[in-house]
Amino acid sequence: MKLVDLIPLEKEGPTGIGNDTYIPNLQVDYQLNTYIYHFDEIVKISQDLKKVDFFRFEPDVLSGEKLNIDYTINQNGLLSADGVYYFSFYGPQDFVKAREGISIVKLEDMSLKMVEIPELKDIAKFSISHEMERGAGTMATQENLYLVQRGANLYFSSATYNFVYQIDIPSGNAKKLEFHSNITSDAKSLNFETTAISEKQFYELSKQKMNQVSFGKILFDESRNLFWRFSSDPDQIGKNKVLTIFSEDFKQVREASIGEFDFQGFSFIKDGVYHRFINIEDELAFVRFKPEIK
């Protein structure tokens, strides 16, 4: 747990990464190339720091399938582990409107493949919005959407419904895998207002929605070749959380209530142990959770 190195990056010049200091995400591929996410582009920095490439996912630079000129590809997507593909969601530029599907971009030639996901429109109905006064913009909650890559497959899931889409990356073919829980609900219920007339009501409605079922991100446990997913459902089981285990081919193997375990936040699985990052007085720490799976 000692600092090994610091790598300075230039804003300008032949290896400059630009002046945008907002970096919501960063990834490193198998070849140790680094990808820095900016607001409107992704910057690729080679392992030796001598080459910088910029990727913008706009209709006029994409080949393959045609993206509607009024549509956009989200910049908060996922790069494949080998750095070949970029996965994200496409839809209208207005962020409050529903996404329409998943975009698969091959970075080598910027070729686009689009996979329509009809349920994205239903998921968007659970978003709560409030138009602020004097044209100050729109406040909105968004349902969590998750993308996870495993080999040649991309998996899409959400906090809203108990299903997973399995997408074959090279072909774009998709199949929906539906599941059932004996502990939680299998979907959120649209039993609340989605348009708030005040900021106070916006937060009240948001809190009301938090009492419903919420499914977490799919995580892969390489030590056991199993997928994990945490979920919560305060209306059904109070503060307890649920861990669901799926086989490598996504058969539901086990689900169990695991008590008041907070699974939210940056997390990963290593050697069969779930690690969730926490900050203790500005010191790096992890909460670790190791289930016995029979």
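Listing for the model above:
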{"item": "Options 226, 243: the member that is crowded, with 18+ Cβ neighbours inside 10 Å, among the aliphatic types (A, V, I, L, M), over 29 Å from residue 189 (Cβ atoms) and assigned by TED's automatic domain parsing to the domain that holds residue 157", "result": "226"}
{"item": "Looking only at region 271-294, and only at residues there that are closer than 22 Å to residue 253 by Cβ and hydrophobic (A, V, I, L, M, F, W, C), the one that is modelled with the highest pLDDT", "result": "273"}
{"item": "Matching residues, region 211-241, being part of a loop (DSSP other than H, G, I, E, B) and either in contact (Cβ under 8 Å) with a residue 24 or more places away in the chain or within 16 Å of residue 155 (Cα to Cα) (or both)", "result": "211, 212, 213, 216, 217, 218, 222, 223, 224, 225, 233"}
{"item": "Total residues in region 111-130, condition out of contact with any helix residue (DSSP H, G or I) (no Cβ under 6 Å at 6 or more places or on another chain) and in contact (Cβ under 8 Å) with a residue 40 or more places away in the chain", "result": "11"}
{"item": "Any chance residue 261 is in contact (Cβ under 8 Å) with a residue 40 or more places away in the chain and among the aromatic types (Phe, Trp, Tyr)", "result": "no"}
{"item": "Residue in region 52-59 that is under 28 Å from residue 166 (Cα atoms) and in a helix (DSSP H, G or I) present", "result": "yes"}
{"item": "Selection count where residues are surrounded by 12 or more Cβ atoms within 10 Å (Cβ to Cβ) and either free of Cβ contacts under 8 Å to residues at least 24 places away in the same chain or farther than 21 Å from residue 97 by Cα (or both), scope region 62-77", "result": "5"}
{"item": "Residues within region 248-263 that are surrounded by 12 or more Cβ atoms within 10 Å (Cβ to Cβ) and either of a type outside the set (A, V, I, L, M, F, W, C) or outside the structural domain of residue 223 (by TED's automatic domain parsing) (or both), tallied", "result": "6"}
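The values are calculated or read from the model by the stated rules, or taken from the named source; none is laboratory data. Note that the coordinates shown come from a computational prediction; the quantities given were computed from them, not determined experimentally. Positions of Cβ are backbone-derived with ideal geometry, glycine not excepted, and every protein chain shown enters the neighbour counts.
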